[in-house]
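The values are calculated or read from the model by the stated rules, or taken from the named source; none is laboratory data. Model, not experiment: these values are computed from the prediction. Cβ sites come from the backbone with ideal geometry, for glycine too, and all protein chains shown count toward neighbours.
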């Protein structure tokens with residue numbers, strides 16, 4: 001059944017990828033409405049149903065749609081997503097506004113698709129780093145429950161928006177030209193550097209980004225007894241996040257068994273050869289749909305431990321693609 005779809009925040013980083021992926025996945029569109037701020041009014045996008053012009057956002061334009069994607073700030077989504085849902089649409093929100101709301105399902109389709117059908121008008125898209133981690137770990141968790149997760153992320157600057165990309169590019173040129181660098185989007189120089197700090201610090205010493213990975217993983221896997229520690233780092237990469245993950249399971253899972261489980265999992269692509277270049281990197285994942293996994297091996301620091309590496313495009317699987325997959329599941333149910 002063809003859908004009347006609205007994208008709120010259509011000219012932002014995630015909004016643009018939603019438009020692109022709706023076409024790539026041949027999503028059954030009946031009508032597509034694009035809303036953004038006043039400064040974007042009149043911009044046009046080529047879509048699978050022809051050219052569509054961007055309109056200025058207003059509350060009145062939230063009605064008359066089947067599916068509404070919010071690709072705006074959490075504050076904006078919190079105010080307007082319930083209005084869109086009340087009009088009869090199903091809202092899929094990419095912000096953090098509803099992720100930990102007990103009345104809103106938090107969904108990764110390959111992991112907890114059944115949660116979609118518990119929605120009351122709004123479905124939350126998880127944090128980008130959480131999505132690729134739980135997608136990678138779920139097949140192992142289903143085979144032998146995971147007791148503990150230690151994850152270190154290497155997150156691309158595009159996760160912080162278009163201005164962050166521009167800052168990296170300008171800083172790279174300034175450093176090469178011998179000019180001084182003044183950070184604006186980041187707390188320190190990002191060119192030729194890494195920054196172990198994403199989002200604001202919490203009372204426990206972790207950042208908000210790190211605690212998102214903890215809290216959201218508990219909710220998605222429906223297992224708040226998993227012990228999780230995250231360290232989130234910004235790296236001078238344009239696109240696609242990487243993660244080094246160490247887990248401990250209740251019963252031993254050999255590296256061969258883990259590889260077998262992952263190779264059978266939809267949405268996962270294993271690249272795991274013990275040769276130079278036999279592993280996935282951000283360039284491999286950029287503008288592609290899978291979550292890539294490699295460097296699978298036993299963690300020699302603990303019993304029943306595994307270590308692995310995963311990479312995914314955080315604008316696709318970490319945001320727009322996951323949201324569209326949720327919408328596709330809704331259509332399948334209907």
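Overview of values
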| quantity | calculated |
| --- | --- |
| Some residue of the range 222-238 being within 28 Å of residue 105 (Cβ to Cβ), buried (at least 23 other Cβ atoms within 10 Å of the Cβ) and in contact with a helix residue (DSSP H, G or I) (Cβ under 8 Å, 6 or more places away or on another chain) | yes |
| Residue in the range 42-61 that is over 25 Å from residue 325 (Cα atoms), over 25 Å from the mean Cα position of the chain (by Cα) and at pLDDT below 95 present | yes |
| Exclusive hit being at positive phi, surrounded by fewer than 16 Cβ atoms within 10 Å (Cβ to Cβ) and in contact (Cβ under 8 Å) with a residue 60 or more places away in the chain, set 64, 88 | 64 |
| Residue that is surrounded by 17 or more Cβ atoms within 10 Å (Cβ to Cβ), free of Cβ contacts under 8 Å to residues at least 60 places away in the same chain and out of contact with any strand residue (DSSP E or B) (no Cβ under 7 Å at 6 or more places or on another chain), where the choices are 189, 202, 163, 173 | 189 |
| Subset of the range 135-171 (residues that are more than 18 Å from residue 199 (Cβ to Cβ) and in a strand (DSSP E or B)) | 146, 147, 148, 149, 150 |
| Residue within the range 22-30 that is crowded, with 18+ Cβ neighbours inside 10 Å, at pLDDT 95 or above, in contact with a helix residue (DSSP H, G or I) (Cβ under 8 Å, 6 or more places away or on another chain) and within 27 Å of residue 238 (Cβ to Cβ) present | yes |
| Total residues in the range 112-126, condition touching a helix residue (DSSP H, G or I) at 6+ places or on another chain (Cβ under 9 Å) and surrounded by fewer than 24 Cβ atoms within 10 Å (Cβ to Cβ) | 9 |
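For every residue, the table says whether it meets (1) closer than 22 Å to residue 333 by Cα; (2) at pLDDT 95 or above; (3) part of a strand (DSSP E or B); (4) in the same structural domain as residue 31 (by TED's automatic domain parsing).
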residue: 65; (1), (2), (3), (4): yes, yes, no, yes
residue: 75; (1), (2), (3), (4): no, yes, no, yes
residue: 78; (1), (2), (3), (4): no, yes, no, yes
residue: 83; (1), (2), (3), (4): no, yes, no, yes
residue: 91; (1), (2), (3), (4): yes, yes, yes, yes
residue: 95; (1), (2), (3), (4): no, yes, no, yes
residue: 100; (1), (2), (3), (4): no, yes, no, yes
residue: 104; (1), (2), (3), (4): yes, yes, no, yes
residue: 117; (1), (2), (3), (4): yes, no, no, yes
